[in-house]
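The values are calculated or read from the model by the stated rules, or taken from the named source; none is laboratory data. Being a predicted model, the structure only gives us computed values, none of them experimental. Using ideal geometry, Cβ is built from the backbone for each residue, glycine included, and neighbour counts are taken over all protein chains shown. These area figures cover heavy atoms from the full protein model, side chains too; ligands, DNA and RNA do not enter into them. Shrake-Rupley method; radii C 1.70, N 1.55, O 1.52, S 1.80 Å.
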There are 2 protein chains.
Amino acid sequence: MELYHLRTFVAVAEEKHLTRAAERLFTSQPAISAHIKALEETLGVTLFDRTPKGMRLTPVGEELLPRARQALAAASAVMQHAKGLQDELIGSVRIGLNTDARFLRLTALQAGLAEHYPRLEVAMLTGSTGTNLPAVRVGKLDAAFVTGEIDDPSMSVCFLCDEPLVIGAPASLRDQITSTEVADLARLPWVYTSPDCSHFAAMRALFDAHCCEPTRTLIANQEDALIEMIRAGVGLGIVRAGVFSDDEQAYELPVALPSVPLQFVYLRKRENDPLIRAVMDQLCAVWGIEPPTAIAREAG
Amino acid sequence: MELYHLRTFVAVAEEKHLTRAAERLFTSQPAISAHIKALEETLGVTLFDRTPKGMRLTPVGEELLPRARQALAAASAVMQHAKGLQDELIGSVRIGLNTDARFLRLTALQAGLAEHYPRLEVAMLTGSTGTNLPAVRVGKLDAAFVTGEIDDPSMSVCFLCDEPLVIGAPASLRDQITSTEVADLARLPWVYTSPDCSHFAAMRALFDAHCCEPTRTLIANQEDALIEMIRAGVGLGIVRAGVFSDDEQAYELPVALPSVPLQFVYLRKRENDPLIRAVMDQLCAVWGIEPPTAIAREAG
DNA sequence: CCCACGCCATCACAATTTCCGAAGACGCGA
DNA sequence: TCGCGTCTTCGGAAATTGTGATGGCGTGGG
């Protein structure tokens, strides 16, 4: 028994004629006749009395008709529900962060996602460039913010802005910082995040360029921890410009550093995933950039 | 969308593998794959994530699964309900009577029908042989009791018993009935039912055989009315033997009359109608006769 | 590090089902 | 008795569905 049997059953019961039911269902009358016959055979009952005036429901048919309608309604509920879901994203998206929410414009991103996809659960997970990249690779994150050049062909990378870096210094060390020569600064204690963080790379590049090495280092594997360490006077560190504006406990040294790009990454193979597309659309709106052109668009 | 799409959907959701679902559904893996693909296309949503380990429901699929189950359940409810109905007769059967219920053994017939077909409504409609026959012909009755020979090729006739006839006379006329010669009796008033009743035919035959005619007649178009008329002293009449046993108001005259057959009739073209078959089965059980062999029996 | 395994998608072709138009059977009404 | 409208049946055509083989892809063991 298939749905078309039931559709025909209901149509014939309502039209009381195979001919009219056939017209309503855009098919031929023998086809309708065969449907009814097949249905009667599989059900083992007679649904209609055949009269010269048409088809009249038997008491058994009368009794089965509402159930057939119910089955059709249930099937059409599946379709209708699916229609309502087809442009709606449900489930959850996990986005890895690598710095503070303000700078990443998270509230605007969240607002845009919430507005367009109210049933989408958005998880903003703190992390760092170093932890985000593998997380995206293995699917623990759907996408992530990262800083620095990414050289991974499996990743799609979306440039958001350039992030100027400065050397941040604690106010408590101001007396000891008499020169902004890198070699002199290298003799002071340093704090940095993790080796795969772009700030670390910038620091390495800085010291390598001046052929020197910082005396002592301390790892803080999260950016706000790094900033707190600097404020607390543990040592110098590389931070985003502006972090220490109007800060009592730390300040920025006037040393020229190359800026690093802030980027948004996700697995290239998911670039046509509606979830990724939705996030990218909102992200690009927030950052005022063009969304990457899709490789293939499917008909809805 | 057809039911097999939903069946496959549910099977794959439960088995989490196309291969296993194919085994469960006794078909091939590409067929299952095509079902899911087609369903996803008609619904416009992605139901499964394809992983190297198998198929995993998407949130959308998760949401649609219970509805798909519901639709399948509704469809299978149709089948189940039909199974329950397939040997059950529902609706109503209309049986025409032509004489009293005791003689027709109606209580036993009713009991048998009620026991085997509790949902069958049985209508026992009083009438006479003359009114029952056309009612059966045009479908106002499904079957009927009649007396006398029936010569109608469109009717199936089932003989039940011979009905001996007697002349019933009112006790109040006993003094006037001095002879049982038909010619003498003809001078008395007579009551009979209707011209197409077999009792009437018997009376005509009686008088024709003796070349005489009753003086006065009165028509009562129902048998119990006839009997009451006789009791009331209106006149003589032909009744079934035994009606006036132990009766104070009427008695039977010792005049030899031919007996007439009591029969049960229905339209010949309905002899394989389950309703007719059911009634015949019960009727034959009650009367201790063999049911007529069916022309064709269908597989249940 | 590579290969073998299990998974699903795709393809061309075969089997089945479904569909169509024509013809037949049947009862009704003129 | 004939015409009309109904449903059923029939043969062949069309569409759908199913099959087995093949390929891509990621995973896990050697």
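What to note about this one:
- Verdict on B:Asp100 being within 11 Å of another protein chain (Cβ to nearest Cβ) and of a type in the set (D, E, K, R): no
- Which numbered condition B:Ala111 fails, given (1) surrounded by fewer than 19 Cβ atoms within 10 Å (Cβ to Cβ); (2) away from DNA strand D (no atom under 16 Å from the Cβ); (3) within 14 Å of chain A (Cβ to nearest Cβ): (3)
- Look at (1) near DNA strand C (Cβ under 9 Å from one of its atoms); (2) at pLDDT 95 or above and you find that B:Gln70 fails only one, number (1).
- For the range B:80-95, the criterion of a residue being closer than 30 Å to A:Leu275 by Cα and more than 11 Å from DNA strand D (Cβ to nearest atom) is satisfied by no position.
- Residue that is farthest from B:Leu165 (Cα to Cα) [pool: residues in the range B:246-279 that are open to solvent by 10 Å² or more (accessible area, probe 1.4 Å) and in a helix (DSSP H, G or I)]: B:Pro274
- The set of residues from the range B:166-192 being within 30 Å of B:Val138 (Cβ to Cβ) and open to solvent by less than 10 Å² (accessible area, probe 1.4 Å) comprises just one member, B:Val191.
- Residues in the range A:280-296 that are part of a loop (DSSP other than H, G, I, E, B) and among the hydrophobic types (A, V, I, L, M, F, W, C): A:Ile289, A:Ala294, A:Ile295, A:Ala296.
- Filter pass, A:Leu65 being touching a strand residue (DSSP E or B) at 6+ places or on another chain (Cβ under 8 Å), closer than 27 Å to B:Thr42 by Cβ and of a type in the set (A, V, I, L, M): yes
- Selection count where residues are away from DNA strand C (no atom under 11 Å from the Cβ) and at negative phi, scope the range B:14-38: 4
- Restricting B:Leu47, B:Leu43, B:Leu65, B:Leu57 to those that are within 16 Å of DNA strand D (Cβ to nearest atom) and surrounded by 16 or more Cβ atoms within 10 Å (Cβ to Cβ) reduces the list to B:Leu43.
- Breaking point among (1) in a loop (DSSP other than H, G, I, E, B); (2) in contact with a Pro (Cβ under 6 Å, 6 or more places away or on another chain), for A:Ile230: (1)
- Residues that are surrounded by fewer than 22 Cβ atoms within 10 Å (Cβ to Cβ), β-branched (Val, Ile, Thr) and within 14 Å of chain B (Cβ to nearest Cβ) within the range A:1-35 comprise just one, A:Val10.
Residue by residue, here is whether (1) of a type in the set (Lys, Arg); (2) within 24 Å of B:Ile238 (Cβ to Cβ); (3) modelled with pLDDT under 85 holds:
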{"site": "B:Ala114", "(1), (2), (3)": "no, no, no"}
{"site": "B:Gly127", "(1), (2), (3)": "no, yes, no"}
{"site": "B:Leu133", "(1), (2), (3)": "no, yes, no"}
{"site": "B:Ile167", "(1), (2), (3)": "no, yes, no"}
{"site": "B:Leu188", "(1), (2), (3)": "no, yes, no"}
{"site": "B:Asp196", "(1), (2), (3)": "no, yes, yes"}
{"site": "B:His199", "(1), (2), (3)": "no, yes, yes"}
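- Consider the range A:68-88 and keep the residues that are surrounded by 17 or more Cβ atoms within 10 Å (Cβ to Cβ), touching a residue at least 12 places away in the same chain (Cβ under 8 Å) and within 7 Å of chain B (Cβ to nearest Cβ). The one that is farthest from A:Glu115 (Cα to Cα) is A:Ala68.
- The residues of the range A:93-104 that are touching a helix residue (DSSP H, G or I) at 6+ places or on another chain (Cβ under 8 Å) and surrounded by fewer than 16 Cβ atoms within 10 Å (Cβ to Cβ), listed by number, are A:Asp100, A:Ala101.
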